[in-house]
Amino acid sequence: MVNPHPSAPRVPSRWRRGDVLLVAAGFGLLAGVAEALVHLVRERIQHKTLFLAPEYPWQIPLADGAIFLALGLLYVLIALAAPSLRSPRVVIGVFGALAACAVLFLFERIHIAAEAVLGVGVGIGLARALAPRSDGLKRAFRIGVPATVLLIAAVALGGPLLSARAERRAVAALPAAAPGRPNILLLVLDTARAWSMGIYGYGRPTTPHLQALLPRGVLFERALAAAPWTTLSHAVMFTGRYPTELSVSWDRPLDGAFPTLAQTLAGAGYATAGFVANYTQAGRPTGLDRGFNHYEDYPLTPLPVLRRVGLLRRLFALDRVAQMIGRRRMVDGKLGGTVNTEFLGWLNRQQGRPWFAFLNYYEAHGPYLPPAPYDTMYFARPAPVAEKYFEAMYRAYGPPPVPLEELVISMDAYDGAITYLDAQVDSLLNHLGARGLLDNTIIVVTSDHGELFGEHGVISHGNSLFLPVLHVPLFLIAQGRAPGGVRVPSLASLRDLPATLLDLAGIPNPGLPGHSLSQAWSVAGAAAIADTLFATVDYNRLLPKFPPAPVLRGSMRSVVLDSLQYILNGDGREELYHLGKDSWQIRNLVALPEYQADLARYRGALRALPTRSVSGTAPR
């Protein structure tokens, strides 16, 4: 029979199995490149925080290619029973739809069902357009897939080599440090609240090793964080700026408007390095790495990458998936022991320079999964202190927002996590002591924010400005520069850490704001440092709507000047608490006549705080 359409391309009835795998991998690589481009636009044009390893341009295409190849293998096995599935039109339609869905699933504001329908439509369109050109598509993929894989391999292997070379050059270009400069070690126990630490009077022995160190250092009894969430609180600690001056928001990184402590110390000849366990909230995409010559955050392991590719990100968010894979493996954080190992490995390579190292630990962050035996060390044991705590909480605030049994289990695990972190700090300091480094090292142990376990009817953090999420540990050891066995009762802000560390190290402050906390132990009384302690948390549409939290009513601001805390809620509601007489913040003093003068003073202090200009480059 004569072909009535001699110019029309011939479409083969079915592809060979190898062709199916080739096309599957090709569509996976294309989907990965498209995903990387979407992220690139968000990062470079929209200036969004990606919460991805900066190596995503090669990691995501590689991950998508591997996922699609695995799906191709499954598809080929299914096609053994249904050979018609190897028809080019069907193969292109199926994997084209999957590729489209992989990209569409990145847009979380669109319902996933609508994205799936649109993805199927794209797949059908691609099948109609490309099936008549199936031979050309195969030829393109035969060249493109190996070439892309080789390019990915070159970037993956060459990137670390180039980074290491750039680091060596940056360190070599540093100025010479003045003789005798001390090392500086900043340890941040992410989410560890002072209320749950033995050194602050907690009934459980959660910090025995820090307790043993108290005679060697200064403990600040009333240290407050500037934000109840990680990125902004760290940014304040690094710049000395009020949170309202900074660019940081839930989805925007720290920009270069203000110098950081790491930049200042590098300018004084310090080798600088950061080692981050909470890599999503303190990794390089957040901008917190500015000034560090060396920074280790995202682990080079498959699971963190697979969790963020479009086709799997929502699947991995399901609780059943976490149960199947293992909750510890699903945590976006590294173990404290791993952080210590990374730091000590870097320290082995340092020669002749003082160093500034920042270590961020994750175990106290939800879902509170420290390794054994700390994960169950407080479970199913009589704990009068915990029982009394929850009884008092019930009397103060009423029924908790979630079943009391869940809160008890969570607090038991949380206390175990803090005990694990205490052991990690002790292990690290023992290693430094064995190297003879402790005598000339300033050590700071603190936290970025605390946690709520039903107080005020709220759980977790990042959603209120009550005392349990702002009151953080602050312990400082500086032999020969700070006294030992001192407890400072006056207020202290983490905003003052840069000025304090520069002062203790004897480095001229080039303009980082704040006050040196050394005044707190050299000047008697609470008036040692006259400062406004300010904290803020902005509304975030991604916050869980249950249980209810104050920030769901709008962004919040708080001021502490002495013994009073003033909170301005997003809906205009005001709260005023006397922290010295009412640390549980039960009695709101706003309406009492005797506090009206204080209320006016706090309102004025809030209005006087500097804020970021419209251009986003300077405060006013």
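The values are calculated or read from the model by the stated rules, or taken from the named source; none is laboratory data. The structure displayed is predicted, hence computed values, not measured ones. Glycine also receives a Cβ, built like all others from the backbone with ideal geometry; neighbour counts cover every protein chain displayed. Just the protein is used for accessible areas: all its heavy atoms, side chains included, with ligands, DNA and RNA removed. Shrake-Rupley method; radii C 1.70, N 1.55, O 1.52, S 1.80 Å.
Structure data summary
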item: Accessible surface of the chain [probe 1.4 Å, protein heavy atoms]: carbon and sulfur percent; result: 62 percent
item: Nearest-10 value in Å² for the accessible area of R487, using the 1.4 Å probe; result: 110 Å²
item: Cα-centred dipole magnitude for the range 75-174, charges only on beta-carbon of K, R (+1) and D, E (-1), debye, nearest 20; result: 360 debye
item: Beta bridges per DSSP with both ends in the chain, % antiparallel, nearest 5; result: 50 percent
item: Under-5 Å amide H pairs with L254, H placed in peptide plane, nonlocal only; result: G287, L288
item: Charge dipole of the chain about the Cα centre (unit charges at C-beta), most positive-ward option of T341, W355, Y298; result: Y298
item: Which of H578, L318, Q263, positive extreme of dipole for the chain (C-beta unit charges); result: L318
item: Calculated [θ] (222 nm, deg cm²/dmol) that DSSP helices of n ≥ 4 give over the chain, each run adding -39,500 (n - 2.57); result: -13000 deg cm²/dmol
item: Separation in nanometres of the label points that stand 7 Å from Cα toward Cβ, at A434 and R165; result: 3.6 nm
item: K581/A147 FRET efficiency (R0 56 Å; Cβ-Cβ; nearest 0.05); result: 0.20
item: For the chain, convex hull volume per residue from C-alpha positions, Å³; result: 182 Å³
item: Ranked order, H294, H449 - accessible area, probe 1.4 Å, largest first; result: H294, H449
item: Out-of-range pairs (alpha-carbon distance over 31 Å; input K48/K581; K334/K388; K138/K334; K334/K545; K48/K138); result: K48/K581; K334/K388; K138/K334; K48/K138
item: Placed amide H near R193: partners under 5 Å, 5+ positions off or other chain; result: E451
item: Positive-end residue, the chain charge dipole about Cα centroid, Cβ charges, pick of G514, G484, V23; result: V23
item: Net charge dipole size for the chain [Lys, Arg +1 and Asp, Glu -1 on Cβ; Debye, nearest 20]; result: 2280 debye
item: Inter-label distance for I124 and D531, nm, one decimal - labels placed 7 Å from Cα along Cα-to-Cβ; result: 6.3 nm
item: Accessible heavy-atom area order of S163, S410, highest first, probe of 1.4 Å; result: S163, S410
item: Fully extended contour minus Cα-Cα distance, from A116 to T341, at 0.36 nm per residue; result: 76.6 nm
item: Solvent-accessible surface (1.4 angstrom probe) belonging to R329, in square angstrom, nearest 10; result: 150 Å²
item: Percentage of interatomic Cα-Cα distances in the range 8-94 larger than 17 Å; result: 54 percent
item: Amide H within-cut-off set for Y295, under 5 Å, with H built and near neighbours excluded; result: G274
item: Whole-angstrom gap from the range 50-100 to the range 468-484, using each part's C-alpha centre; result: 53 Å
item: FRET efficiency estimate (nearest 0.05) - Cβ-Cβ, L318 to Q211, R0 60 angstrom; result: 0.90
item: FRET efficiency, R395 to D571 (Cβ-Cβ, R0 25 Å, nearest 0.05); result: 0.40
item: Estimated dipole of the range 474-562 in Debye, rounded to 20 [Cβ of Lys and Arg +1, of Asp and Glu -1, Cα centre]; result: 380 debye
item: Kyte-Doolittle mean at least 1.0 and Cα axial length at least 24 Å: DSSP H helices in the chain; result: 17-40, 56-79, 112-130
item: Longest to shortest principal axis, alpha-carbon extents of the range 221-265, angstrom; result: 32, 28, 15
item: For the chain: accessible area per residue (Å², 1.4 Å); result: 43 Å²
item: The chain: relative contact order as a whole-number percent, Cα under 8 Å and 6+ apart; result: 17 percent
item: Heavy-atom accessible area ranking, 1.4 Å probe, most first, across K388, K48, K545; result: K388, K545, K48
item: Under 9 Å, Cβ to Cβ, from N569 - net charge with Lys/Arg +1 and Asp/Glu -1; result: 0
item: Whole-number D in µm²/s for the range 275-393 (Stokes-Einstein; Kirkwood sum over Cα pairs; 25 °C, 0.890 mPa s); result: 144 µm²/s
